[in-house]
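Some notes on the structure that comes next.
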Amino acid sequence: MAKQRKVSATRVIAADRQALFDIVADPSKHPVIDGSGTVTAARPDGLPERLAMDTRFGMDMKQGAAYKITNTVVEFEEGERLAWRHFSGHRWRYEFRDVEGGTEVTETFDWSTAKLKKPLEIAGFPEKNRKGMEATLVRLEQLATTGTVDGADADAA
């Protein structure tokens with residue numbers, strides 16, 4: 001049996017599915033909703049207003065040291081699913097589903113497609129990322145339901 005190389009976090013948010021999808025599809029909002037503390041800014045050079053299949057977008061990151069990363073959208077179903085990967089091959093995926101009380105949002109870190117799987121596991125990224133995803137979904141809920149995250153205006157990012 002193959003080892004599953006995915007971790008996810010799920011939250012039901014009392015907000016419209018398309019509105020939640022639109023937030024995630026706006027790369028300028030990624031630093032606002034990021035709960036891991038690693039996404040510091042959207043790189044303005046060539047930043048699209050909205051993600052779509054095969055769109056490339058860059059982020060300034062910090063995990064110990066600061067670095068830049070370019071992502072490519074590899075899965076896209078309007079209002080339902082959005083995923084991107086970068087050069088290492090692992091994917092970040094969001095899935096949106098209507099449920100009683102709002103929208104079930106699932107964020108997944110999928111390293112089954114990564115070039116170097118074992119180093120990610122040894123470094124503890126699956127568990128660190130699961131905790132970051134849980135915090136991201138809380139921040140997504142705050143932004144969608146109040147227009148702010150941790151007291152900061154969403155347009156300030």
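Out of 23, 13, 33, one residue alone is of a type in the set (A, V, I, L, M, F, W, C), out of contact with any Lys or Arg (no Cβ under 9 Å at 6 or more places or on another chain) and closer than 16 Å to residue 142 by Cα. It is 13.
The residue of the stretch 50-77 that is surrounded by the fewest Cβ atoms within 10 Å (Cβ to Cβ), among those that are over 22 Å from residue 145 (Cβ atoms) and charged (D, E, K, R), is 54.
Among the residues of the stretch 79-94, write down those that are touching a residue at least 40 places away in the same chain (Cβ under 8 Å) and of a type outside the set (Ser, Thr, Tyr). Answer for the stretch 79-94, where residues must be touching a residue at least 40 places away in the same chain (Cβ under 8 Å) and of a type outside the set (Ser, Thr, Tyr): 79, 80, 82.
Summed over the stretch 86-131, residues that are modelled with pLDDT under 80, charged (D, E, K, R) and either part of a loop (DSSP other than H, G, I, E, B) or in contact with a helix residue (DSSP H, G or I) (Cβ under 7 Å, 6 or more places away or on another chain) (or both) total 1.
The values are calculated or read from the model by the stated rules, or taken from the named source; none is laboratory data. Since this is a predicted model, take the numbers as computed values, not measurements. Neighbour counts are summed over all protein chains in view; Cβ atoms, including those assigned to glycine, are modelled from backbone coordinates with ideal geometry.
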